[in-house]
1. Where does the charge balance sit around Glu139 when Lys and Arg score +1, Asp and Glu -1, over other residues with C-beta under 11 Å from its C-beta?
2. To the nearest 10 degrees, how steep is helix 159-179 against the longest Cα principal axis of the chain, on a 0 to 90 scale?
3. Hey, can you rank 402-410, 546-554 by average C-beta count inside 10 Å, highest first?
4. Sort Val632, Val374, Val522, Val123 so that the residue with the fewest other Cβ atoms within 10 Å of its own Cβ comes first and the one with the most comes last.
5. What does the helix-only formula give at 222 nm for the chain: each DSSP H stretch with n ≥ 4 adding -39500 (n - 2.57), the total divided by the residues, and the result rounded to the nearest 500 deg cm²/dmol?
6. Whole-Hz ³J(HN,Hα) for each residue in region 338-354, computed from phi via Karplus 6.51 cos²θ - 1.76 cosθ + 1.60 with θ = phi - 60°, x for glycine and proline: what do you get?
7. Please arrange Phe486, Phe454 by counting, for each residue, the other beta carbons lying within 10 Å of its beta carbon, fewest first.
8. Which entries of Lys538/Lys592; Lys294/Lys376; Lys565/Lys766; Lys561/Lys585 show an alpha-carbon separation above 27 angstrom in the structure shown?
Amino acid sequence: MSNQKILTIDNLSLQEFDNDSELIPLLTPEDEEEMNNEELPEDLPILPLRNTVLFPGVVIPITAGRDKSIKLINDANAGGKVIGVVSQKNEDDEDPSPEDINKIGTVARILRVLKMPDGNVTVILQGKKRFEIDQVTTELPYLKATIKEVPENRPENDEAEFSTIIDSVKELAIQIIKESPNIPTEATFAIKNIESKSFVINFVSSNMNLSVKEKQDLLSINDLKERALATLKFMNVELQKLELKNDIQSKVRFDLDQQQREYFLHQQMKTIQEELGGVSHEEEIDEMRIKGLKKKWNEKTKTHFEKELSKMQRMNPQSPDFGIQRNYLELFLELPWNEFSKDNFDLKRAQKILDKDHFGLEDVKKRMIEHLAVLKLRNDMKSPILCLYGPPGVGKTSIGKSVAEALGREYVRISLGGLRDEAEIRGHRKTYIGAMPGRIIQSLKKAKTSNPVFVLDEIDKLSSSNSGDPSSALLEVLDPEQNSDFYDNFLEMGFDLSKVMFIATSNNMSTIQPALKDRMEVINMTGYTIEEKVEIAKQHLLPKQLKEHGLTSKHLTIAKKQLEKIVVGYTRESGVRGLEKQIAKMVRNTAKSIAMEEEYNVKVTDEDVIKVLGAPRMERDKYENNDVAGVVTGLAWTSVGGDILFIESILSKGKGTLTMTGNLGTVMKESATIALEYIKSNAERLGINPEVISNYNVHIHVPEGATPKDGPSAGVAMLTSLVSSFVQRKIKKSLAMTGEITLRGRVLPVGGIKEKILAAKRANIKELILCHENKRDIDEIKPEYLEGLTFHYVKEMSEVLAIAITDQKAKNAKIL
């Protein structure tokens, strides 16, 4: 008998015995009856077994290594899955002939075939019925024979006596299981749960510690009662052997004292490690203890370390937990507990570094200098969490690096984009395999100081999953009132993060959890103007690309005029990332010309720009003509900065319905509906015949339907477009507008003003209509960025229409 566990194969519930690899199918009486009624095929492939005998009902795994056996199994598995299994008379025969195998065997069904890495095949077989070989029909490629069924004689008159014998077999099997130290006691449940009497006999016979010949003799007995008595005889012998063996072992067993045993094992381990040239267990612990004495720990941390070190000392170095404990203590020793880098509070130097690394961004640099000034005066200020918010490529991440350089602190950056697992922030508990601390603690370990400048990049791109919500885990990290005792699951101790200067970056504030947003001070980083981009390209991007491509200013120069041409014609963004790619393309072309010894212009001309970069592509920002009524230029904010969009409306005979196209969102659709309703209620005052509104359908379209558009800033433009269509008068030239409206005709303020102003300048817009409340946003923009622009601040839609709609009839105007 041997170890067992539960498994399922092909919808068959089984008990698996590890040692002998025997499996017990949990057969019901119905299953047994169905198996007995199965008809046997007349001709079967014969599989000889070296060292085991298969009994009816028993499931066993067989490993086949002989080519004939593998061929037989593969063919049978692809066909009827039924084979004949017999035992060899001599297990050493490599290629047994028909005379070398026993005549009595068991028909088996293939349950599963598994291919092993060594080329062998393991097949799981279930015995069905006994058979006798009648005549071998062929020997190649494997044995085949005609067979006949050998029925089992079940006692009918003395059923009570037979049942008593079966009960005795079960009881004796349970005693053997209890006496054998290699068989778990759970095996008794399997024996008790077998309902079939014949299967009890077959299973016990199959699992007894008998020779192949003895098992074959049991299989050959036709009478079940006789086979049960023979099995009972063998079981008694086995039980007596077990009892005698256990008795002898109990007499000669000698238990070492626990301390002597541990000392002996430790000494052996120490000797082995020294022979291998490694550090012994005790030396490793002593080394850790010496390092711990040099750390700037408080009493609580010191006590915890000593406790964990003692725990490691008691562990067996071969146990899996030992490695985890060693990693834990090494992390404990490598963390910068109360170790701080000295800050350089020379604010003039800090200002120079920020100005050198970043052109523009005056508000951001001013806020950073203010923060450093307060830190200089207090020196114990809990660092507020700054969040730099703006479109890609405006320098949010590099600001953190410049601040670290200015302060003389270590710089650490963590990219949070796509992070879904809370354990990435808080770490895993030590009980898990592969446990490790979170990214915060790991980064502090690399920084080797407790006050680095920590940039949390792309904080708006955190996502949640069934592994938790990382943004919720960041609440403790980014709360100045809580992060003085940040708890990491792996560290199992609070770590002070209050001296860390956290700087987060984000492209979109709407996706940040409100509680997380509340803990941060948001600093808006808007896009650059054309003038700023030209200066950035001249001072930073071009020198950087020349250096990266192995060139100098002697090999290539690009004047401001050509840089402006690249900015206007080939980039459409708030940042400078796309601009840097275009400049890199120019530099690569120069590098190619030098390497191939071709002639080229060191000073780039307009023709060179077009030759290398192609024709200018960014033409859709350009202002379009307004010769047709109903075309209005609006201003929009996008994730990459400001943009202009054209809102078109047209009338057609109908019943006064409103339709919209252009992939518009809910808010823009509502703005269009409000605009039309306002016109209906104020038609006479606007000079529109109410019958025209009733007899003409209105269609509003915002071009580029593939681009989703939404937001509360197109109401003014939509209303102006509709009025222009109804009165068939065109819109004033070089005019753009932004703002939302109410049903009463009031103009509401909107956001993203600076980005929209930059978009208007790029499109050569001369006049802009804004809500009067947006004047405060204009006042915050540098005057040089507003040159050439005229602003109209309005409160009511009547003021907008008075400014926007001219008295001239549009081309192809209809008389409505």
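Every read-out reported here was derived from the displayed coordinates using simple, explicitly stated rules and does not represent laboratory data. Since the model is a prediction, treat every value here as computed from it, not as a measurement. Reconstructed Cβ throughout: ideal geometry from the backbone, glycine too, with neighbour counts over all protein chains shown.
1. Numbers: positive: Lys68, Lys144; negative: Asp95.
Cβ neighbours under 11 Å give a net charge of +1.
2. Long axis of 159-179 versus the principal axis of the chain: about 60 degrees.
3. Details: 402-410: 21.2, 546-554: 12.4.
Result, highest mean Cβ count within 10 Å first: 402-410, 546-554.
4. Working: Val632 27, Val374 12, Val522 15, Val123 24.
Ranked by crowding around the Cβ, least crowded first: Val374, Val522, Val123, Val632.
5. On the way: 29 runs with 337 residues, N = 816.
Calculated mean residue ellipticity at 222 nm is -12500 deg cm²/dmol.
6. 6, 10, 10, 7, 7, 7, 9, 9, 7, 5, 5, 5, 4, 4, 5, 5, 5
7. Working: Phe486 23, Phe454 27.
Ranking Phe486, Phe454 by Cβ neighbours within 10 Å, fewest first, gives Phe486, Phe454.
8. Working: Lys538/Lys592 22 Å; Lys294/Lys376 29 Å; Lys565/Lys766 20 Å; Lys561/Lys585 18 Å.
Lys294/Lys376, as the Cα separations exceed 27 Å there.
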